[in-house]
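Student: So that we are looking at the same thing, I have put the structure below in structure tokens.
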Amino acid sequence: MKKKKDIEKPNIMERNKTFHRRKIWIISVVVITCLIGLMGRLVYLMVFRSEYYTKLATDLQQREREIKAARGKIIDSTGTVLASNESVCTISVIHNQITDPEKVIEVLCSELGLSEETVRKRVEKVSSIEKIKSNVDKETGNRILSYGLDGIKVDEDYKRYYPFSDLASKVLGFTGGDNQGIIGLEVMYDDYLKGENGMILTTTDARGIEVEDTPEVRQEPISGNDLYISLDYNIQSYCMQAAEKAYIAKEADGVCILAMNPQNGEILAMVDYPEFDLNDPFTLNEAYSEYTGTEQEDEYRNKMWRNWCVSDTYEPGSTFKIITTSAALEEDLVSVEENFYCPGYIMVEDRRIRCHKTTGHGSENFAQAIQNSCNQVFIIMNLATDVSRKVKNCKSCTNMYVISRF
Ligand SMILES: [Zn+2]
């Protein structure tokens, strides 16, 4: 027995040793595998996903506040500024920084003239920054600042300002709360005028509270480009007065005047009376004021903003006679010495078209026909021009059209 025990002892020890060695080896392999895995993960996070996590961290640590860019001016051909900017403020609240919400709500309601419900909703909303009101005048902004309440931000901002309020209102157009163009040139050239907004970046901790003694990073805004237009302030003002006179005298629904430079087609004046106040574009003007507060208010507001000169069609009527005459003279289809006879009507195909003088202008020469604005003669010229064009376009045509004259 004794002998047997002696023999068994080293065997057990040997077995234990092998067992431990195997355990250590397994643990080492597990640990090393884990380490390699962790290192791999770290490399993945730090190298391949670095951009993504940097952005997330920046978003969490930095709060952005926009600084509006000054919109470009609109300047007429005489150098008169028709649209410029006024310094105003934008009031915002930062939820996490508010220490006395009731006082903040009270001050904002009374200073900004907003309902308690609106302000409360924004103050109590858990967000990084909440805009309360833009286009607040500087005095009100300073008064709000003087309360020294935590969590209220007053940022400098610009508001569109039109020095001549209703001059060329439908041509210039106006801007909305975010300084974006709504109608007219303001929306047509919005990309040129708007500029690029800047940014104020502040560092915050995980609770969204600004870290003290860290500098604010400012990305300065880039001002918009100025827009130079062919409109002439003096001609526009004169045309507006003339339109107003006609509007009253004729009890008209509206009066349009369009003054163009005949050499190049530049628009010197475009009046669409009654105009509206560009500094208060949502209030109905005098012509439509009776619809304020009614269901049709929106409809009439759109009507008030509509620029008839460019948005509506209008039969050119006798104004087109200048073009008919020029075309016929240029094509040598009529000479100034030519004589005509107007019996008061003319047959075109199967239609009998009357002259505006139904008894007829009788015998008249070309110059008199122009003076009389005789429909008859202009129809003849128009037909002649049309036939001449057809003949020119049709090379195989051998038949000449005979233009009958009276
Ligand atoms: Zn006639």
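The values are calculated or read from the model by the stated rules, or taken from the named source; none is laboratory data. What you see is a predicted model, and the numbers here were worked out from it, not measured in a lab. Cβ coordinates were reconstructed from backbone atoms using ideal geometry, including for glycine residues, and neighbour counts include every protein chain displayed.
Student: Within segment 131-190, can you find the residues that are within 30 Å of ALA242 (Cβ to Cβ) and among the polar types (S, T, N, Q)?
Tutor: Passing the criteria: SER165, SER169, THR175.
Student: Another question about this same structure. Looking only at segment 339-374, how many residues end up being in contact with a Ser or Thr (Cβ under 9 Å, 6 or more places away or on another chain) and within 18 Å of LEU329 (Cβ to Cβ)?
Tutor: Number of matching residues: 5.
Student: For TYR291, work out the one condition from (1) free of Cβ contacts under 8 Å to residues at least 40 places away in the same chain; (2) surrounded by 15 or more Cβ atoms within 10 Å (Cβ to Cβ); (3) within 15 Å of the ligand (Cβ to nearest atom) it doesn't fulfil.
Tutor: (3)
Okay, residues lined up against (1) part of a loop (DSSP other than H, G, I, E, B); (2) surrounded by 18 or more Cβ atoms within 10 Å (Cβ to Cβ); (3) modelled with pLDDT of 95 or more:
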{"position": "LYS245", "(1), (2), (3)": "no, no, yes"}
{"position": "ALA252", "(1), (2), (3)": "yes, no, no"}
{"position": "PRO262", "(1), (2), (3)": "yes, no, no"}
{"position": "GLY265", "(1), (2), (3)": "yes, no, no"}
{"position": "VAL271", "(1), (2), (3)": "no, yes, yes"}
{"position": "THR283", "(1), (2), (3)": "yes, no, no"}
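Student: Restricting segment 264-279 to residues that are touching a residue at least 12 places away in the same chain (Cβ under 8 Å) and out of contact with any Ser or Thr (no Cβ under 7 Å at 6 or more places or on another chain), which is farthest from GLY177 (Cα to Cα)?
Tutor: Filtering first and then ranking leaves ALA269.
Student: I'd like the full set of residues that are under 30 Å from LEU167 (Cα atoms) and among the charged types (D, E, K, R), limited to segment 200-256.
Tutor: Answer for segment 200-256, where residues must be under 30 Å from LEU167 (Cα atoms) and among the charged types (D, E, K, R): ASP226, ASP232, GLU244, LYS245, LYS250, GLU251, ASP253.
Student: Right, another one. How many of the residues making up segment 360-377 are more than 9 Å from the ligand (Cβ to nearest atom) and part of a helix (DSSP H, G or I)?
Tutor: Here the count works out to 5.
Student: With (1) within 14 Å of the ligand (Cβ to nearest atom); (2) modelled with pLDDT of 85 or more as the list, and PHE406 as the residue in question, which single condition is left unmet?
Tutor: PHE406 satisfies every listed condition except (2).
Student: Taking the condition of being farther than 21 Å from ASP137 by Cβ, surrounded by fewer than 20 Cβ atoms within 10 Å (Cβ to Cβ) and hydroxyl-bearing (Ser, Thr, Tyr), how many residues in segment 162-198 meet it?
Tutor: So the count comes out to 2.
Student: Sticking with this structure for a sec: Evaluate the following for ILE222: is it farther than 21 Å from LYS131 by Cβ and surrounded by fewer than 20 Cβ atoms within 10 Å (Cβ to Cβ)?
Tutor: Yes, satisfied.
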